[in-house]
Amino acid sequence: MLKDIDLVVGRGEKVVVCGPSGSGKSTMIRCINRLEEHQQGRIIVAGIELTSDLKNIEAIRREVGMVFQQFNLFPHLKTARYYLERVKIPEQADKYPGQLSGGQQQRVAIARSLCMKPEIMLFDEPTSALDPEMIKEVLDVMVELAQEGMTMVCVTHEMGFARTVADMMVFMDRGEIVERAPPQDFFANPKSERTRLFLSQILAH
């Protein structure tokens, strides 16, 4: 359950959300495009308030691309050649998902989201289901997107990626935002004991 969440993401900003399992990270970003329903407060995306009105939900979903832990590719053939080039796998255009590696499938999932020309991209632990050797190829595409100015909210434990692209780090625990800071402050001088404990555990690996 989320409580007292107050977060503003500006156009072109990159926000990395981290925190222990069950801290509400995924729930928070899934609220942004109504995959989870919020009971109180206001969510506004690209000037549109998210309400139970289907028109508003559809309008917001047109602005928001989302990439999940699992690749969720449809088993029929893909046609988005331009965006496959964009994520550096144009040669995979005629393959079915089952013929692709996990890293390739995740990059196709990113390409699929880019086809909508979204205003904002949400990433929900996009590398957590990947083998270690595939993680870098997906993160490289995400870094490139960030450098090109895409607005991004990423739930991830990839702290090297966070240091590279984040404008703002957000640490969540028990359904609330415990700490937020630019990466240099967040990693060098975390204010909360909970943040310090989390970072000591995750950076030790």
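All of the numbers you see were taken from the coordinates with simple rules; none came from a lab. Keep in mind that this is a model prediction, so the values were computed, not measured. Glycine gets a Cβ as well: all are built from the backbone with ideal geometry, and neighbour counts include every protein chain shown.
Under the rule of -39500 (n - 2.57) per DSSP H run of 4 or more residues, summed and divided by the residues of the chain, what mean residue ellipticity at 222 nm is obtained, to the nearest 500 deg cm²/dmol?
The helix-only estimate for the chain comes to -11000 deg cm²/dmol at 222 nm.
Among Tyr82, Val143, Pro126, pick out the residue whose Cα is farthest towards the positive end of the charge dipole of segment 38-178, where Lys and Arg carry +1 and Asp and Glu carry -1 on C-beta, about the Cα centre.
Of the options given, the answer is Tyr82.
How high is the FRET efficiency from Val8 to Gln201, r the C-beta distance, R0 30 Å, rounded to 0.05?
0.55
Once you have the alpha carbon radius of gyration of segment 99-181, what is it after dividing by 2.2 N^0.38 Å, with N set to its residue count?
Scaled against compact globular proteins, the figure is 1.12.
Restricting to Cα pairs below 8 Å that are 6+ residues apart, what does the relative contact order work out to for the chain? Please round to a whole percent.
Once divided by the residue count of the chain, the mean separation gives 31 percent.
Checking the table Lys14/Lys191; Lys3/Lys136; Lys55/Lys88; Lys3/Lys191 against a 23 Å threshold on Cα-Cα, which pairs fail?
Beyond 23 Å: Lys3/Lys136; Lys55/Lys88.
Just need the relative contact order of segment 51-173 here, percent rounded to a whole number, with Cα pairs under 8 Å and 6+ apart.
Normalised by residue count, the contact order of segment 51-173 is 28 percent.
Here are several values of Cα Rg over 2.2 N^0.38 Å: [x] 1.24; [y] 1.02; [z] 1.11. Which one was derived from the coordinates shown?
[y]
How about Lys95: which lysines have a C-alpha closer than 16 Å to its C-alpha, ignoring those fewer than 8 places off in the same chain?
Those lysines meeting the cut-off are Lys78.
How long is the gain from Gln39 to Val143 if the chain were fully straight, where each residue apart is worth 0.36 nm and the alpha carbon distance is subtracted?
Stretched fully, the Gln39-Val143 segment lengthens by 34.1 nm.
Out of Gly19, Gln40, Ser52, whose Cα points farthest toward the positive end of the dipole of segment 12-54 (charges: +1 Lys, Arg; -1 Asp, Glu; placed on Cβ)?
Farthest along the dipole direction, towards plus: Gly19.
Hey, could you pull the Cα Rg and Dmax for segment 135-175, both in Å?
10.8, 34
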